[in-house]
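Peer 1: Take this structure first; my questions come after.
Nothing in this text is a laboratory measurement; each read-out follows from the coordinates by a stated rule. Bear in mind the structure is a predicted one, so any value in this text is a computation, not a measurement. Glycine gets a Cβ as well: all are built from the backbone with ideal geometry, and neighbour counts include every protein chain shown.
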Amino acid sequence: MIARVWHGWTTPENADAYEALLLSEILPGIARKQIPGYHGAHVFRRDQGHEVEFVTTMWLDSLDSVIAFVGEDYEAAYVPPEAQAVLSRFDARSAHYQVLQEPAS
């Protein structure tokens, strides 16, 4: 299992709009692509006063699954233009981690 981790930041004024876009359009759009080995994502939000940080962790079977999602330059971040419009900054590259242990069910 591979965890694909990405960070984006927005202003407090744009945070709810970005959250809604991410949860109602971007992530469901990724799911509709039916990427082999994609198992969904976790989304985290942290209010820091002057900005709001979002972290997404996507779960994929392998780097081959990641490549099926974003292509050969698999570390390239997937940030649609509508998301870029409300983010103040974001990671241009995603980090990938091999999952060594998962929580017990």
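Peer 1: Tell me the Kirkwood radius of the range 4-56: reciprocal of the mean inverse pair distance over distinct alpha-carbon atoms, in Å.
Peer 2: Result for the range 4-56 stands at 11.9 Å.
Peer 1: For Ala17 and Glu72 in one chain, what is 0.36 nm times their gap in residues minus the Cα-Cα distance, to one decimal in nm?
Peer 2: Going from the current span to full extension adds 16.7 nm.
Peer 1: Using the 10 angstrom Cβ neighbour count as an exposure proxy, how do Tyr78, Tyr97, Tyr18 rank, fewest first?
Peer 2: Fewest to most other Cβ atoms nearby, the residues stand as Tyr97, Tyr78, Tyr18.
Peer 1: Neighbour counts of other C-beta atoms within 10 Å: give me Ser65, Ser88 arranged from fewest to most.
Peer 2: Starting with the residue having the fewest Cβ neighbours, the order is Ser88, Ser65.
Peer 1: List the residues, sorted by chain then number, that are 5 or more residues from Ser88 or on another chain and whose placed amide H is less than 5 Å from its amide H.
Peer 2: Residues meeting the amide H criterion: Trp9, Thr10, Thr11.
Peer 1: Please identify the GluC sites (Glu not before Pro) of the chain that satisfy two criteria: DSSP loop assignment and at most 11 other Cβ atoms within 10 Å. Which are they?
Peer 2: Here the sparse-neighbourhood loop sites are Glu72.
Peer 1: Share of Cα-Cα pairs in the chain beyond 25 Å, in percent?
Peer 2: Tail of P(r) above 25 Å: 20 percent of Cα pairs.
Peer 1: Let me ask something else about it. Provide the per-residue ³J(HN,Hα) series for the range 84-90, in order, calculated from phi with Karplus coefficients 6.51, -1.76, 1.60 and θ = phi - 60°, each as a whole number of Hz, with x at glycine and proline positions.
Peer 2: So the Karplus estimates, Gly and Pro as x, are 4, 5, 10, 8, 8, 6, 6 Hz.
Peer 1: Loop-only trypsin sites (Lys or Arg not before Pro) in the range 27-71, please: DSSP not H, G, I, E or B, and at most 16 other Cβ atoms within 10 Å.
Peer 2: Lys33
Peer 1: With springs connecting C-alpha atoms under 10 Å apart, model the chain as a Gaussian network and identify which of Gly71, Gly29, Gly49 has the largest mean-square fluctuation.
Peer 2: Gly49
Peer 1: Same structure again: Place a +1 charge on the Cβ of each Lys and Arg in the chain and a -1 charge on the Cβ of each Asp and Glu, then give the dipole magnitude about the Cα centre in debye, rounded to the nearest 20.
Peer 2: 120
Peer 1: Where is the GNM fluctuation largest for the chain (alpha-carbon springs, 10 angstrom cutoff): Ser94, Ser24, Ser62?
Peer 2: Ser24
Peer 1: Another question, then. Given the DSSP H assignment, sum -39500 (n - 2.57) over each helix run of at least 4 residues in the chain and divide by its residue total; what's the result at 222 nm in deg cm²/dmol, nearest 500?
Peer 2: Only helices count here, giving -6500 deg cm²/dmol.
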